[in-house]
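Below is one structure, written out as structure tokens; the observations come after it.
What follows draws every value from the coordinates through simple rules; no lab data is involved. Predicted model only: the values in this text are computed from it and were never measured. Note: ideal-geometry Cβ built from the backbone for every residue, glycine included; neighbour counts use all protein chains shown.
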Amino acid sequence: MSRSSVSLRLFLAITVLAILPVLGGWWTWKGEGPLQQEATVLVKKGTSINQVADQLEREGVIRSASLFKLWARARKLQLIRGEYTFTARASLSDVAGKLRRAEIHYTRVSIPEGAHAWSTQNRLKEFVPEDVFWTLWKSPRLAKAAGFPEAESLEGLLAPATYKLHHAMEPEEVMLMLVEAFRDQVRPELEGGVLPPYETLILASLVEKETKLPEEQPKVAGVYKKRLDIGMRLQCDPTSLYARWLLGDLRFTAPLAADIRRSHRFNTYAVSGLPPTPIAIPSPAAIEAAKAPLAGKDLYFVATGLGGHNFAPSLKDHNRNVGVYRKELARQKSLSRGKELKATPDDTAMKPGGMHRKEGPAGQRGSLFKGPDAAGRPPGFIPPGEGWRGGSGSASLRAGATRSVASDGGRSIVSSSYRGAVRRSCSPPAHRAGASVSRSTRYAATRLPRLARPAPLARRRGVLS
């Protein structure tokens, strides 16, 4: 073998040995990672590069924590706290690049106008544990950060907006973000009203919960302002509900009589003046209405049943409006009931004597009813010559009558009609259960003789006359 051939082979071997580590490093850096499915890693405040590298390796995002540490120190990586999402088979290069560029995954959470404490807690439950939320809700430090150190809670001290949150944030940090947004965006708008800023905020929250119509909000604010001026109780329904919720009864229904009568410092039916705090987050329109209430004679208002309100200066006029409201509710209920009772359009397709289903509301099944028999007679019709005994003390039905059974307390009532005459009888519960019952006139109506065959029309009229 010539010297040149040996030299060439030696050169190729050295080249291969030099290239293999480079190729291996490139594959480790750019090749597919071990992650089987999408994963989320939280980088919290104070987390070091070593801790992040070990966490990534432990959760199967990368193969080598050591290689990640070498790269991070060589590039002087500055970790940004946040929530990072990595796709399946993400390479070490992808993982490192996402951390270097701080590609944080955010979740959008909306706090709407009109939201109260319980609604806010439900919306933030993924980021603020419930027990922590209620502790922070009464934090004097956060109330001071909002600009109202005298406030006993954060009710109304959050800005209605959509917030970008991530799960690496601390609960207090989340609440502070909402409070600071209020301080910067809402607090300045409370100045310059007829009431002090915090009272303006409280009044605006009452207006917000009473009506969503911007054109009505100044009128509602005017009614409440006039009542405050003359020392009349506000009698605001939403405050009675808020008092109920504070006591732990979280039924979100219309106010009940017990809510109206409840003695509570938030219930403006029971106490004079404004409640101690707002009862919700007011909208900008409600704040403007509370700053400049519409001056007028109106002292009362009631819903129309059509989305708005009727206003009145006197109790007499108010009661008239209440009557209009009740009639509207009755009308709507009647229309709704009429739709539910509407029969199947194709009556010709009904099976004689069979069960059929009424047409129900959209997307719902209607109730069942029994159709006429083959002769077109209604359910319960008694053919001539036949009778029906409803048990002890019940009247025998005459030919051509119809029967119906209803319930009256613990007794069943059998009603029979025949050419305008009506017989009613009642049987006690014991008889319906099959027990023997002695003769009793308390439950028995006058018995009519059972006819063996149909009597002439004139005779039948004579019997029932």
**Fill in**
By the mean-Cβ-within-10 Å protection proxy, highest first, 167-173, 332-338 rank as 167-173, 332-338
**Fill in**
With 0.36 nm assigned to each residue of separation and the Cα-Cα distance removed, residue 93 to residue 327 gains 77.1 nm
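Report the local net charge at residue 145: Lys and Arg +1, Asp and Glu -1, summed over other residues whose C-beta lies under 9 Å from its C-beta. The partial results should precede the final answer.
Numbers: positive: 141, 144, 183; negative: 180.
With Lys, Arg at +1 and Asp, Glu at -1, the net is +2.
Considering only the other residues whose Cβ falls under 14 Å of the Cβ of residue 167, what net charge follows from Lys and Arg at +1 and Asp and Glu at -1?
Values: positive: 44, 45, 81, 108, 125, 164; negative: 83, 126, 170, 173.
That works out to +2.
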**Prompt:** Once you sort the root eigenvalues of the Cα gyration tensor of the range 28-100 as a ≥ b ≥ c, which label holds: rounded (a/c under 1.5), prolate (a/b larger than b/c) or oblate (the other case)?
**Reply:** oblate
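Can you tell me the dipole magnitude for the range 28-100 around its Cα centre, using point charges on the Cβ only (Lys, Arg +1; Asp, Glu -1), in Debye to the nearest 20? Kindly include the intermediate steps, with their values, before the conclusion.
Numbers: 13 positive and 7 negative charges, 84 e Å.
Its charge dipole is roughly 400 debye.
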**Request:** For residue 291, go through the aspartates and glutamates and keep the ones whose alpha-carbon is under 17 Å away, minus same-chain ones fewer than eight residues off.
**Result:** 189, 191, 199, 208, 210, 215, 216, 229
